[in-house]
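First comes the structure, then the notes that go with it.
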Amino acid sequence: MKKMIAVVLAALCAASVFAAPRKLVVWSFTDEMGKMIEYYKKANPEVQIEFVLVPNDVYQSKLKPVLQSGQGTPDVFTLEAAYVKGYVESGFMADLKSLSKSAANTMQYTKDVVTDEKGVLRALSWQGTPGAYFYRRSIAKKYLGTDDPVKIQAMLNTPEKFVELGKTLKAKSNGQAVLISSLGDLFQVYKSGRKDGWVKGKRFIVDPLMVKLLEQAKSFRDLGIDGRQQQWAEGWFAGMKGQLKDESGKPVEVFGYLLPTWGLHYVLKPNAPDTSGDWAMVQGPIPYFWGGTWVAAYDKSPNKAEALKFVEFMGTNEKFLEEWAKDTGDLVSNTKVVDKIKGSYSEAFLGGQNHYAAFAEMAKSINAKILTGYDQDVETIFQEQMENYITGKKSLEAAIADFKAAVKNQYPDLTVR
Amino acid sequence: MRRKKGIAARYDRYGYFFIAPFALIFLMLQLFPILYTLFLGFTDYKGLSTNFSMVGLENFYSVVNDVSIPGFAEDDAWAVVDQLYDELRIDADAEEGDEGFTLLIFNVKKRNLAAVETLLADYDIDAETIKAGLNPIKGGLLYDTFFWKAFRNNWIIWSMNFVPQIVIALLIAVLFTDLRLKLKAGSLLKPLFYLPNVLNTASVAVLFATLFYWPVGPINQFLSQSHLLSESINFYRSAGWTRGIVAFIQFWMWYGSTMIIFIAGISGISPSLYEAAYVDGANFKQMFFRITLPLLKPVALYIMVTSMIGGMQMFDIPYLLTNRRGDPDGSIMTTPVYIYIQAFTNANNYSYASAVSFGLFLLTLLLSIFVFALLRDTSEIKTVKPRGKML
């Protein structure tokens, strides 16, 4: 009798293992994907999803060994623009031939970035990421007399005019107002205007625009028109809330932030809710793009069909993308959806401005060919030497030489001249 | 020694069973990885691929050549450049000069030189010309400026931490064990001094990073608002300050532990020595320098060697305090941080990181032997062995 019960129980357990829905494991480096998963769950309630958040600065350190060893792999993982190209040829990303029809209306540049050398699409993105300059209307009215985006853009539509505006703000506010909060904000702007990416073949290239960035950043610091904060640090966020103070306790007014599309719903809105309505957006001194996230299915996933369904939903499902765009203001990658909603968009956080149409226009001129898989790592090294140069610890030549030496040390196979 | 018989012999065997679990786990989880890391140091394992080949001592000492061959026609030069990349994945460039184009080939490893010679033979370039155009660049661990700088950082930070640590720990230990002072607060203060050792290093790193943040961290605000300074100090932009902060954290976290060991060591000294000295009229200074210190030599040796090994392996604080790259400008990039960056970030040079680990092991071993030789207790060797059989 006991034996029979044991056998029946064992059979039931075995059956339940096979019948239970397999969990879909999704890895990402920010909690943004977590929010998007809620939309997926609404549309597909029977799917169980486990979302794993690994912070961006250690994301690659965790993802690479897992993919290499095949142990504990996710079914779906996201990759950021700063390193997505390093994985496109790796074979870990499933090919999305079956999704090419649904991706027909996806922005071309988002597909080009993740198409491998044989022409196979390996990932999809739900967003386009042109960059802009978000400024505070109240500070504009106080010191510049107007908060109209058209007039403000005319005041800063070249790098030289941008610096002049900084000087004007500083003078009119007796040193209290600064043009940008952190010099890191400038970095993304100059980075995307380059002709060449960091690496071509096996050659390491320092585009002249990066040298110009070093000089510009130093002049910003010397003129006192930057807020001296570090990006993503407490002081950077405090400036958004209007609560930034310098070390002697005097308040510092940060006029604006150079942020891209996702900066609005991922950075400004959650961190400065009390200033809603006091912001506006203009293109800024140089057209640029910043970041972007791509979703890929793991090639050897046991759940591949479900994973591909997930990727398709995130990258191409028009209903989801339209909902996501309306809820967050994110510029989605589906051109049909963008054209549909850009006419009537009104963003309360930006005082009713229709930023969507502006972004849709800007997205057309993004050149993502300069992205490489080396970006995240090389740029960390670059920013360290940039700090050294800006704070006057090194000359420009020494900073660039040390930068090249550090890159050569990390990547001995690259030619660094 | 007589063979034990009977029950004693049977019980002897049980000892092996008791140590077997530890031995097995050590072999699997510690010894095998150590040996495998050593093995990896002789390969070229890196990046996302799982294939690698043996490369001998290349990670330790290598000569890589840049080759410069003048006198090419423009089309030929570019054809060679393309061929070199397509067939051998070697980077090359063609530069216009006074007499035609110069072919520049970069990063040619010794084992690839033969293949390059074969390729260039098609263009009538003989081995002599290639040899004349070689520009050798020494590389590998021995010539790695970053490794030696990291090792130097280990020493600088450790000595800044060790000297105050020994002095203060010894001082406190002597005060707590002094027979005439009879400090009552010992039972309260000893755990308090030991407490920083128990703290989570990640939390400590975040704490100190926030405290010294520029421009508006608490310390800077205090300095500005109390008018001691007019401008914030950018602590983490200065090599001196950052190293000092790391050394202070290490000192603060470990002086309690050192103090406890010294207390144990001093307690092991027979009080009759001190009583005899007191009767003979010795003062505190004489008792300390003539009795306590010499008899603490074995303890001090232990402290010195373990602290030095720990100093060479310093990782968590330097890694977490600034930007996880040992900046500002590599001033707190200690050797373990360097190993971590080589292995687990950027290009994932696992083989080179293994070679660096092995190099660090050798250096630490040599230093430990040196310290032992210098400070070991030579008095035992000089005593005369008693005659007669050992029982």
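The values are calculated or read from the model by the stated rules, or taken from the named source; none is laboratory data. Owing to the predicted nature of the structure, the values given are computational and were not obtained by experimental measurement. Positions of Cβ are backbone-derived with ideal geometry, glycine not excepted, and every protein chain shown enters the neighbour counts. Just the protein is used for accessible areas: all its heavy atoms, side chains included, with ligands, DNA and RNA removed. Shrake-Rupley method; radii C 1.70, N 1.55, O 1.52, S 1.80 Å.
Give the share of C-alpha pairs in each 10 angstrom bin for chain B, from 0 to the last occupied bin, in whole percents, shortest bins first.
4, 14, 18, 20, 17, 12, 7, 4, 2, 0
Of chain A, which part is the longest with no GluC sites (Glu not before Pro) in a loop (DSSP not H, G, I, E, B) and with at most 16 other C-beta atoms within 10 angstrom? Intermediate results must be reported in sequence, preceding the final value.
Working: sites that count: A:E46, A:E89, A:E117.
Excluding the exposed sites themselves, the longest stretch runs over A:118-417.
I'd like the mean, over residues of B:215-226, of how many other protein chain beta carbons sit within 10 Å of each residue's own Cβ.
Working: counts 9, 13, 3, 0, 1, 3, 5, 1, 2, 5, 3, 0.
Mean partner-chain Cβ count within 10 Å for B:215-226: 4.
Given a 1.4 Å probe and no ligands, DNA or RNA in the count, how much accessible surface is buried by A and B, both sides, to the nearest 100 Å²?
Working: alone 18800 and 24960 Å², together 40190 Å².
The contact between B and A buries close to 3600 Å².
Pairs A:K142/A:K393; A:K200/B:K109; A:K41/A:K101; A:K42/A:K97; A:K62/A:K408: which are spaced more than 29 Å apart, C-alpha to C-alpha? Mind showing how you got there, number by number?
Values: A:K142/A:K393 37 Å; A:K200/B:K109 20 Å; A:K41/A:K101 24 Å; A:K42/A:K97 26 Å; A:K62/A:K408 24 Å.
Exceeds cut-off: A:K142/A:K393.
What does the structure give for B:345-353 when I average, per residue, the other chain Cβ atoms found within 10 Å of the residue Cβ?
Numbers: counts 9, 12, 8, 6, 5, 1, 0, 3, 0.
That average works out to 5.
Please give the length that would be gained between B:T201 and B:F248 if that part of the chain were fully extended, namely 0.36 nm times their separation in residues minus their C-alpha to C-alpha distance (nm, one decimal).
Details: separation 47, 0.36 × 47 = 16.92 nm, distance 1.32 nm.
Length gained between B:T201 and B:F248: 15.6 nm.
What full-extension length gain, to one decimal in nm, is calculated for B:F17 and B:F284 as 0.36 nm per residue of separation minus the Cα-Cα distance?
91.0 nm
Going Cα to Cα from B:K190, which aspartates and glutamates come in below 17 Å? Please leave out same-chain ones fewer than 8 positions away.
List returned: B:D178.
Treating only the Cβ atoms of Lys and Arg (+1) and Asp and Glu (-1) as charged, compute the dipole magnitude of chain A about its Cα centre; round to the nearest 20 debye.
Details: 53 positive and 48 negative charges, 76 e Å.
It works out to roughly 360 debye.
Classify region A:161-234: rounded, prolate or oblate, from the alpha-carbon gyration tensor (a ≥ b ≥ c, eigenvalue square roots; a/c under 1.5 rounded; otherwise prolate if a/b is larger than b/c)?
On the way: a/c = 3.40, a/b = 2.22, b/c = 1.53.
Judged from the Cα gyration tensor, region A:161-234 comes out prolate (a/c at least 1.5, a/b above b/c).
So, how do all the Cα-to-Cα distances of the protein assembly as shown break down into 20 Å bins, in percent, from 0 on up?
It works out to 12, 36, 34, 15, 3, 0, in whole percents.
Excluding same-chain residues fewer than 8 positions from A:K340, which aspartates and glutamates have a Cα within less than 18 Å of its Cα?
A:E318, A:E322, A:E323, A:D327, A:D330, A:E361
In whole Hz, with x marking every Gly and Pro, tabulate ³J(HN,Hα) for region A:374-386 from phi via Karplus 6.51 cos²θ - 1.76 cosθ + 1.60, θ = phi - 60°.
In residue order, the calculated couplings are 8, 3, 4, 6, 4, 5, 4, 5, 4, 5, 5, 5, 4 Hz.
Check each of the trypsin sites (Lys or Arg not before Pro) in region A:193-296 and keep only those in coil by DSSP with at most 13 other C-beta atoms within 10 angstrom; list them in order.
Values: sites: A:R194, A:K195, A:K200, A:K202, A:R203, A:K212, A:K218, A:R221, A:R228, A:K241, A:K245; in loops: A:R194, A:K195, A:K202, A:R228.
Hits after loop and neighbour filter: A:K195.
Could you derive backbone 3J(HN,Hα) for region B:336-353 from the dihedral phi with the Karplus parameters 6.51, -1.76 and 1.60 (θ = phi - 60°), listing whole Hz in sequence and x where the residue is Gly or Pro?
Running phi through 6.51 cos²θ - 1.76 cosθ + 1.60 with θ = phi - 60° gives x, 5, 4, 4, 4, 4, 5, 7, 10, 10, 6, 8, 6, 7, 4, 5, 5, 4 Hz.
Given springs between every Cα pair under 10 Å in a Gaussian network model of chain B, which of B:L175, B:L119, B:L207 has the largest fluctuation?
Result for chain B, Cα springs under 10 Å: B:L119 fluctuates most.
Got a number for carbon plus sulfur as a percent of region A:143-231's accessible area, 1.4 Å probe? Don't skip to the end; give the middle numbers.
Values: 1820 of 3470 Å².
Carbon with sulfur: 52 percent of the solvent-accessible area.
For region B:1-100, which chymotrypsin sites (Phe, Trp or Tyr not before Pro) are both in a DSSP coil and crowded by at most 15 other Cβ atoms within 10 Å? Before the final figure, lay out the partial values.
Numbers: sites: B:Y11, B:Y14, B:Y16, B:F17, B:F18, B:F22, B:F26, B:Y36, B:F39, B:F42, B:Y45, B:F52, B:F60, B:Y61, B:F72, B:W78, B:Y85; in loops: B:F42, B:Y45, B:F52, B:F60, B:Y61.
The qualifying sites are B:F52, B:Y61.
What are the equivalent ellipsoid semi-axes of region B:10-149, built from the alpha-carbon gyration tensor (square roots of five times its eigenvalues), in whole angstrom, biggest first?
Values: eigenvalues 511, 44, 27 Å².
Working through the eigenvalues yields semi-axes of 51, 15, 12 Å.
Could you pull out the chymotrypsin sites (Phe, Trp or Tyr not before Pro) across region B:90-198 that fall in loop regions by DSSP (anything but H, G, I, E, B) with no more than 15 other Cβ atoms inside 10 Å?
Values: sites: B:F101, B:F106, B:Y123, B:Y143, B:F146, B:F147, B:W148, B:F151, B:W155, B:W158, B:F162, B:F176, B:F193, B:Y194; in loops: B:Y123.
Loop-located and lightly packed - B:Y123.
Mind scanning A:K151/A:K336; A:K404/B:K138; A:K85/A:K404; A:K23/A:K319 and naming the pairs with a C-alpha gap bigger than 26 Å? Could the numbers behind the result be given before it?
Values: A:K151/A:K336 31 Å; A:K404/B:K138 17 Å; A:K85/A:K404 21 Å; A:K23/A:K319 24 Å.
Exceeds cut-off: A:K151/A:K336.
Measure off, as a whole percent, the carbon and sulfur share of the 1.4 Å-probe accessible area of region A:74-130, all protein chains present.
On the way: 910 of 1930 Å².
Roughly 47 percent of what the probe reaches on region A:74-130 is carbon or sulfur.
At a cut-off of 10 Å², which residues of region B:80-100 become less accessible once all protein chains are present than in their chain alone, using a 1.4 Å probe?
B:Y85, B:R89, B:D91, B:D93, B:E95
Would you calculate the volume per residue, in Å³, of the smallest convex hull containing every Cα atom of chain A? All intermediate terms of the calculation are to be shown ahead of the outcome.
Details: hull volume 72.7 nm³, N = 417.
In chain A, the Cα convex hull volume per residue is 174 Å³.
Add -39500 (n - 2.57) for each DSSP H run of 4 or more in the protein assembly as shown, then divide by its residues: what number comes out at 222 nm, to the nearest 500 deg cm²/dmol?
Values: 34 runs with 413 residues, N = 808.
The per-residue figure over the protein assembly as shown is -16000 deg cm²/dmol.
Find how much the distance from A:N367 to A:K340 grows on full extension, using 0.36 nm per residue of separation minus their present alpha carbon separation; answer in nm with one decimal. Spell out each step's value before the answer.
Values: separation 27, 0.36 × 27 = 9.72 nm, distance 2.42 nm.
Working it through step by step, the gained length comes to 7.3 nm.
Using the heavy atoms of the protein chains alone and a 1.4 angstrom probe, what is the accessible area of region B:1-126 per residue in square angstrom? Write down the numbers at each step before the final one.
Numbers: 8740 Å² over 126 residues.
Heavy-atom accessible area per residue stands at 69 Å².
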